[in-house]
Amino acid sequence: MRMLFGDQSLLSRFISVIKVALAVITILFPSQAVSYQLAISNERSDEVLLHDAEGRVLRQLLSCKRPRGMLVEPVNQDLWVACSDEDAIVRIDPESGEVKQRIAGFSGATNLALLGSEQLIVSNEGAASVSLVDTTTNVIVSQLPTGNEPDGIVYSADHKRIFVASENAGVVHVFSSEDFHQEALLLTNLRPRRMAINKDELWVSSEMGSRVEIFNAASLQKMDRIIFSPRGFRSEQLTPVDLIFSSDGLTAYVALGAANHVAIVDVVTREVEKYILVGSRAWGLELSPDGTRLYVLNGLSDDMTIIDLESRRPIASERTGLVPHAVEVVNR
Amino acid sequence: MRSLVLFALLAASPAAQAIELNVGTVRLKGAVEQPTTFAGIVVEPDRRVDRAVRLAIQESTIKFQSFGIEEKLYDLELDPDQPLSAQLAQIDQTHLLLLDLPKTQMVEVGRIIDRQGAVGVNVSLADQSLRDELCLPGIYHSMPSERMYFDALSQYLVHSGWRKVLLVHGSSDQDLRRKTLLAESIKRFGASVSDEREFTLSHHPDDRDRNQPEFLTGGSSYDVVAVVDSAKDYGRRIEYSTRRPRPVVGDVGLVPRAWHYALERYGAPQLNQRYRTLDPANSEPQTAMTDAEFAAWAAVKFVVNSMRADFVDKDGLKLRALFENEDSRVDLYKGTRGSYRSWNHQMRHPILLTSADYVVDVAPMPKFLHPTHYVDTLGADKPESSCQLGK
Amino acid sequence: MPKSYYAFRAIIDREFARFIQQRTRLLSALVRPLFWLLVFAAGFKSTLGIAIQAPYATYTPYDVYIIPGLIGMVCLFNGMQSSLAMAYDREAGSMKVLMTAPISRRQLLVFKLLAAASVSTIQAYLMLLIALLFGVDIPLNGLLVALPIIFIVAYALALIGLLLASTVTGMENFSGVMNFVIFPALFLSSSLYPLWQLEESSELLYWISLSNPFTHLVESIRFALYLQFQPWVLGGILSGAVLLSYLAPVVYKPNA
């Protein structure tokens with residue numbers, strides 16, 4: 001009988017040893033020298049929150065109506081936020097949250113991209129246009145008409161072209177970044193959402209077409225398409241939105257929306273290498289500066305899944321505000 | 001570069017003759033614009049579908065231009081007292097007819113235009129027999145069928161664990177037919193009808209059991225009351241007056257719909273916003289397309305979303321080929337793309353389960369599985385439909 | 001205490017000999033959970049994963065979710081089988097032979113249970129090994145940490161089996177145990193689906209499942225696999241095991 005008691009004390013000792021060991025490990029080896037934070041815009045709770053690299057909420061950076069697209073200015077590291085229901089964009093200090101600049105006059109500002117150092121291009125979901133803004137004078141320089149519901153904006157690698165996706169029209173507008181005339185129109189599958197440029201390739205996610213279409217960014221010819229088909233899913237459940245390339249350009253990550261998975265795609269072979277389970281309606285994506293982590297925003301479960309890209313496994317899912325839309329690395 | 005992409009798709013050069021697409025809205029001459037229940041009280045808005053059609057065309061300009069398509073909108077008011085074939089003589093394969101007609105004329109027009117190579121889309125009738133028994137090869141249905149609405153409702157009941165249903169219905173032929181369909185649907189998804197009760201509008205004391213909601217819904221055990229009242233008149237009295245405190249669904253209470261102003265997801269707010277601003281005089285925040293308007297919008301958008309170079313040649317638009325192609329589909333702003341079922345030409349729709357100011361859920365409900373298309377759990381699936389049009 | 005050591009060795013050897021000789025028993029012990037894992041989980045899994053709940057840090061695929069339940073299943077089956085074997089021993093009189101060993105009846109029973117728990121644990125790890133080979137994402141460090149917990153759970157289940165076999169008549173045949181112990185324990189617990197899913201369909205079933213000891217045994221394995229501990233649950237299991245171990249010889253009467 002004593003053995004039984006002996007067993008118990010052994011066990012509790014064992015547990016405490018393990019606990020201490022774990023604590024020591026985490027103190028001695030903090031998961032690398034990470035010094036960056038994440039800004040996340042939350043559409044439904046009208047706020048931009050600052051999170052640490054582990055996804056924990058630090059504080060509120062900005063309160064504005066329906067914040068969506070964001071970008072970080074490379075020079076001064078300030079954060080631009082599109083406040084859709086205020087028809088405005090604001091520039092804030094991503095540490096203090098101090099509002100440094102505010103430009104109004106957009107109609108449902110959705111996404112934004114930086115053009116040179118002094119011009120921003122903003123997609124106006126409500127007005128079927130994109131606006132060019134001079135950030136030194138706060139003046140909207142010009143409006144380029146697009147199809148309804150313009151969403152993603154990207155540049156070609158040489159910055160000579162601007163691509164704007166129109167969800168409703170099912171096209172990608174190709175504008176010259178010199179004189180802003182429309183050079184061409186790319187016909188896509190249903191509801192093009194986001195785009196990403198990898199050298200001379202333009203990848204376009206088609207949300208309702210359940211695929212990614214690949215165009216040559218120079219010749220504008222359609223080159224390929226990637227149709228997602230994880231086992232156990234119907235094609236209609238796969239609604240890809242955000243996509244992002246690894247810094248070496250060899251791997252693409254695609255958020256599959258209602259399928260609650262992220263696809264890891266080999267850029268060369270176009271093969272999907274792995275599907276990773278995340279939260280509900282995965283949309284926004286961001287890579288850590290060192291490329292070892294992928295942050296995935298789950299719009300309908302109000303959280304963010306952190307994926308370790310070395311093991312290609314989800315590590316944790318942390319709470320965000322309500323309906324998180326975009327995530328940007330800040331304060332690196 | 002410009003011509004390469006824009007016009008490489010077309011065999012003809014941009015200078016060549018434009019490709020015609022004629023979109024006609026067809027209704028009866030003198031059709032009642034807005035039915036009322038009594039003394040001018042409007043319960044359910046019922047508008048002409050024109051505004052939704054204009055919206056769909058407005059959304060399509062860019063795509064049409066890039067294919068060199070010139071669209072023309074027109075209205076066609078049919079006189080039911082004159083032979084219809086004469087009135088439809090000029091309709092050829094360049095026409096897409098949006099049929100906002102009563103059943104008799106719908107069937108007749110469908111037969112006539114089928115011979116003339118045009119495509120007609122039923123945008124107003126949910127009538128099940130048009131899809132099944134009548135089985136019209138010349139007509140597509142972008143309006144959901146009665147069975148789709150009822151199946152969506154039944155899935156929701158089963159999903160919610162409300163399995164005992166008291167079925168309350170009117171006495172018109174339409175109510176009796178729809179009541180039978182609803183009862184079948186309830187049983188198909190594993191719920192049960194605890195009792196069926198017929199109501200009357202009469203206030204006569206002898207009719208007490210059939211005219212007072214408390215009596216009408218008494219003496220039976222049930223989880224939920226389902227109301228079939230096509231006129232949307234008596235049914236309004238039942239909610240909040242049931243003998244047992246139970247939810248009310250069907251034609252009142254929780255109503256299955258194709259579209260709703262309060263849908264927050266899938267880009268629907270943008271579509272609603274465009275619909276309102278298209279006609280600023282009528283832009284109340286709660287104004288939204290009726291199911292028929294949504295069906296008309298979807299019918300036009302189907303053509304735009306599915307447009308490919310394959311369907312355009314020097315002879316013009318091959319509208320029939322576009323409708324028959326398996327890959328043709330439409331972005332319905334309801335989270336799933338729509339397409340036509342090959343067997344009975346019914347458009348696949350998710351169905352919204354709506355209260356007055358909220359979209360409570362979207363059917364098909366989770367766990368109602370289908371081997372190919374979850375949406376095919378709503379409405380007559382291929383093996384059960386008496387209509388087998390596809391090859 | 002060499003005397004009890006020899007007795008313990010003898011009992012363990014006997015149990016292991018049985019384990020090795022009865023190949024079909026091992027096979028069925030492994031096939032049952034693997035069948036569940038590879039067939040049932042594949043057919044019924046929710047492709048959208050199971051929502052976050054402690055101890056998981058993120059969304060869980062179904063095959064990963066049911067691993068602790070399957071460990072519990074292995075321990076449950078083996079525990080019940082050993083207990084039935086003890087009932088069989090009792091009738092055949094071999095227990096009476098063991099009783100002649102110079103150790104107390106209490107010690108004897110505890111040794112028997114420890115032996116059964118060891119066999120359960122080995123079976124559980126064999127099952128885990130096969131699951132890993134099939135690519136189920138089980139945390140390897142958790143496997144190590146969970147070892148003592150799995151052993152305790154296996155002991156507790158064998159103990160419950162022994163008490164049932166000694167007190168309830170009609171438990172001699174395995175089908176009775178299947179119907180009245182194993183199936184309710186398994187299906188009215190958190191082993192095969194999260195309890196909130198059960199709560200969605202029936203609150204009563206939820207409360208029954210929540211009060212099912214098997215739920216807590218499985219949960220303690222689940223938490224241990226992810227390096228987390230619920231001190232109260234673990235304390236409850238341990239003190240229950242100790243208390244019942246004291247009680248066991250009272251109800252277990254070999255000459256009954």
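The values are calculated or read from the model by the stated rules, or taken from the named source; none is laboratory data. The shown structure was predicted, so the numbers you read here are calculated from the model rather than taken from an experiment. Every residue, glycine among them, receives a Cβ derived from its backbone with ideal geometry; neighbour counts consider all protein chains shown.
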Q) For region C:188-256, which helices (runs of 4 or more DSSP H) that fit wholly inside it have 1 or more residues that are touching a residue at least 40 places away in the same chain (Cβ under 8 Å) and more than 30 Å from C:Leu108 (Cβ to Cβ)? A) C:195-201, C:213-225
Q. Which one of the conditions (1) free of Cβ contacts under 8 Å to residues at least 60 places away in the same chain; (2) part of a loop (DSSP other than H, G, I, E, B) does A:Asp290 fail to meet, given that it meets all the rest?
A. (1)
Q. Going by the conditions given, is B:Asp361 more than 15 Å from the chain's Cα centre (by Cα) and more than 14 Å from every other protein chain (Cβ to nearest Cβ)?
A. no
Q.
So for region B:258-274 (the condition being surrounded by 20 or more Cβ atoms within 10 Å (Cβ to Cβ) and under 30 Å from B:Asp195 (Cα atoms)), does at least one residue qualify?
A. yes
Q) So which of A:Leu132, A:Leu144, A:Leu115, A:Leu120 is in contact with a Ser or Thr (Cβ under 8 Å, 6 or more places away or on another chain) and in contact (Cβ under 8 Å) with a residue 60 or more places away in the chain? A) A:Leu115
Q: For region B:126-218, please list each of the strands (runs of 3 or more DSSP E) lying entirely inside it that holds at least 3 residues being over 27 Å from the mean Cα position of the chain (by Cα) and over 30 Å from B:Leu389 (Cα atoms).
A: B:192-198
Q: Search region B:260-276 for residues being away from every other protein chain (no Cβ under 14 Å) and out of contact with any Lys or Arg (no Cβ under 8 Å at 6 or more places or on another chain), and hand back the single one that is farthest from B:Trp297 (Cα to Cα).
A: B:Ala262
**Q.** Within region B:307-336, considering residues that are out of contact with any Pro (no Cβ under 9 Å at 6 or more places or on another chain), buried (at least 24 other Cβ atoms within 10 Å of the Cβ) and at negative phi, the one nearest to the other protein chains (Cβ to nearest Cβ)
**A.** B:Asp331
**Q.** Hits in region A:130-139 (condition: in a loop (DSSP other than H, G, I, E, B), in contact with a strand residue (DSSP E or B) (Cβ under 7 Å, 6 or more places away or on another chain) and on the phi < 0 side of the Ramachandran plot)
**A.** A:Thr135
Q) Can you name every residue in region C:36-94 that is among the small types (Gly, Ala, Ser), at pLDDT 85 or above and in a helix (DSSP H, G or I)? A) C:Gly69, C:Gly72, C:Gly79
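Residue-wise test of (1) closer than 20 Å to B:Val252 by Cα; (2) acidic (Asp, Glu).
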| position | (1), (2) |
| --- | --- |
| B:Ala183 | yes, no |
| B:Phe189 | no, no |
| B:Val193 | yes, no |
| B:His203 | no, no |
| B:Asp209 | no, yes |
| B:Pro213 | yes, no |
| B:Leu216 | yes, no |
| B:Val224 | yes, no |
| B:Val228 | yes, no |
Q: Mind listing just one residue for me: the one in region A:146-167 that is within 14 Å of chain B (Cβ to nearest Cβ) and hydroxyl-bearing (Ser, Thr, Tyr) and, of those, farthest from A:Leu71 (Cα to Cα)?
A: A:Thr146
**Q.** Number of positions in region A:198-220 that are out of contact with any strand residue (DSSP E or B) (no Cβ under 7 Å at 6 or more places or on another chain), of a type outside the set (Ser, Thr, Tyr) and within 14 Å of chain B (Cβ to nearest Cβ)
**A.** 2
(Q) From the list B:Leu136, B:Leu176, B:Leu181, exactly one residue is more than 30 Å from B:Asp92 (Cβ to Cβ), hydrophobic (A, V, I, L, M, F, W, C) and in contact (Cβ under 8 Å) with a residue 40 or more places away in the chain. Which is it? (A) B:Leu181
Q.
Return the residues of region B:282-324 that are touching a helix residue (DSSP H, G or I) at 6+ places or on another chain (Cβ under 7 Å) and of a type outside the set (A, V, I, L, M); say none if nothing qualifies.
A. B:Ser283, B:Thr287, B:Glu293, B:Phe294, B:Trp297, B:Lys301, B:Ser306, B:Phe311, B:Lys318
Q. Given the conditions (1) away from chain C (no Cβ under 14 Å); (2) under 30 Å from B:Thr372 (Cβ atoms); (3) surrounded by fewer than 20 Cβ atoms within 10 Å (Cβ to Cβ), and given that A:Gly291 satisfies all but one, which numbered condition is not satisfied?
A. (2)
Q.
Anything in region B:347-373 that is in a loop (DSSP other than H, G, I, E, B), of a type in the set (Ser, Thr, Tyr) and touching a residue at least 24 places away in the same chain (Cβ under 8 Å)? List them, or say none.
A. B:Ser355, B:Tyr358
Q) For B:Leu125, are the conditions met, namely being within 16 Å of B:Arg320 (Cα to Cα) and not basic (Lys, Arg)? A) no
Q: Take region A:174-190 and flag every residue that is within 21 Å of B:Val303 (Cα to Cα) and not in a loop (DSSP other than H, G, I, E, B).
A: A:Leu185, A:Leu186, A:Leu187
Q. In region C:158-181, is there at least one residue being part of a helix (DSSP H, G or I), over 30 Å from A:Ser311 (Cα atoms), modelled with pLDDT of 85 or more and within 14 Å of chain A (Cβ to nearest Cβ)?
A. yes
Q. From the list A:Ile264, A:Ile307, which one is among the hydrophobic types (A, V, I, L, M, F, W, C) and within 11 Å of another protein chain (Cβ to nearest Cβ)?
A. A:Ile307
Q: Give just the number: which of (1) surrounded by fewer than 24 Cβ atoms within 10 Å (Cβ to Cβ); (2) away from chain C (no Cβ under 14 Å) does A:Met195 not satisfy?
A: (1)
Q. Yes or no: B:Val225 closer than 24 Å to B:Ala126 by Cβ, in contact with a Leu (Cβ under 6 Å, 6 or more places away or on another chain) and touching a residue at least 12 places away in the same chain (Cβ under 8 Å)?
A. yes
Q. Quick one: A:Arg193 ticks every box in (1) in a strand (DSSP E or B); (2) out of contact with any helix residue (DSSP H, G or I) (no Cβ under 9 Å at 6 or more places or on another chain); (3) charged (D, E, K, R); (4) farther than 19 Å from A:Glu328 by Cα bar one, so which box is it?
A. (4)
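A quick yes/no check of all residues on (1) buried (at least 22 other Cβ atoms within 10 Å of the Cβ); (2) at pLDDT below 95:
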| site | (1), (2) |
| --- | --- |
| B:Gly170 | yes, yes |
| B:Gln174 | no, yes |
| B:Leu182 | yes, no |
| B:Glu196 | no, yes |
| B:Thr200 | no, yes |
| B:Asp207 | no, yes |
| B:Asn211 | no, yes |
| B:Thr217 | yes, yes |
| B:Val224 | yes, no |
Q. Assuming C:Gln123 fulfils every condition listed in (1) more than 14 Å from chain A (Cβ to nearest Cβ); (2) at pLDDT 90 or above; (3) more than 12 Å from C:Gly72 (Cα to Cα) apart from one, which condition is it?
A. (3)
Q. When A:Ala127 is evaluated against the numbered criteria (1) within 11 Å of another protein chain (Cβ to nearest Cβ); (2) in contact with a strand residue (DSSP E or B) (Cβ under 7 Å, 6 or more places away or on another chain), which criterion, by number, is the only one it fails?
A. (2)
